[in-house]
Amino acid sequence: MVEVTPLLILGAFSGFIAGLLGVGGGLILVPALLYLLSGSIAESVLMHTAIGTALAVIVFTSFSSVWAHHQHKAIHWHYFKKLTPTILLGALSGAIIAKYLSFDFLRFFFAIFEITVALIMWFGISASSHANNLARWIWSVVGYIIGLVSAVVGIGGGTMTTPFLVYNKVGIKNAIATSASVGMPIAIAGSVGFMLTGVNVEGATGGLGFIHIEALISIVIASVLFAPLGAKVAHSVNGQKLKKGFALFLALLGLLVIVY
């Protein structure tokens, strides 16, 4: 058994951040679940359960967040359509691959990935041309990589989709909104993958494979209520400050996972 109150607080905070930064909330959920589920889940499957549960939560959070951003007419749906097909394939692949990776490998991969993206965002590295000029094969390859890595580390893809779009000269608020929409297919494909690969694995929670049902329900209840609030705030703050805050947020979470 795990305490419900911390899970509700986690859901509210991750939902708000998901709406604010378009990251799905997995960046917060995975590290937090490592702590909250520790002791009630075997360490051999703790990271897998944290990732699988985070992805399942993102399915619900992203829907709430996407609707709020859509109301602001900020989502570039044509970019969503270009990324989604290979994102789905990559997310399913990532869920299968993650089953065979160790706890420490997943933990350090997650941390180094976050810190690297934070540096790219902070220093404002960008391409010479706009996203509209990218070749179709680039969208396909990028989509697969985003889906693959997102499923392996348990995120909605915003930490890659947002920097990718910003790098290719898409405005930060539109990039965040579009990333939120991309998070939904990633979460659906990834959570289904973790649910299936966790069946009959020793130490898994049971019922939904690597998805912790009690944590899922508790977090979702709060997160779907606070995601629209985060989206509202995102569209009322300065874009450059939002970009810097995004970078600092990623770096801090990466460091927290390293010192776990």
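Quick notes on this structure:
- When the criteria are applied in full, Lys99 fails the requirement of being loosely packed, with under 15 Cβ neighbours inside 10 Å, out of contact with any strand residue (DSSP E or B) (no Cβ under 6 Å at 6 or more places or on another chain) and within 30 Å of Ile221 (Cα to Cα).
- Output for region 140-151, where each listed residue is surrounded by fewer than 24 Cβ atoms within 10 Å (Cβ to Cβ) and at pLDDT below 85: Val149
- Residue count for region 18-68, restricted to those that are modelled with pLDDT of 80 or more and over 22 Å from Ile213 (Cα atoms): 2.
- Test: Thr178 is hydroxyl-bearing (Ser, Thr, Tyr), closer than 20 Å to Ser14 by Cα, crowded, with 24+ Cβ neighbours inside 10 Å and at pLDDT below 80: no
- Val233 satisfies every condition listed in (1) at pLDDT 80 or above; (2) crowded, with 24+ Cβ neighbours inside 10 Å except (2).
The values are calculated or read from the model by the stated rules, or taken from the named source; none is laboratory data. Worth saying up front: this structure is predicted, and the values here are computed from it rather than measured. We place every Cβ from the backbone using ideal geometry, glycine too, and count neighbours over all the protein chains shown.
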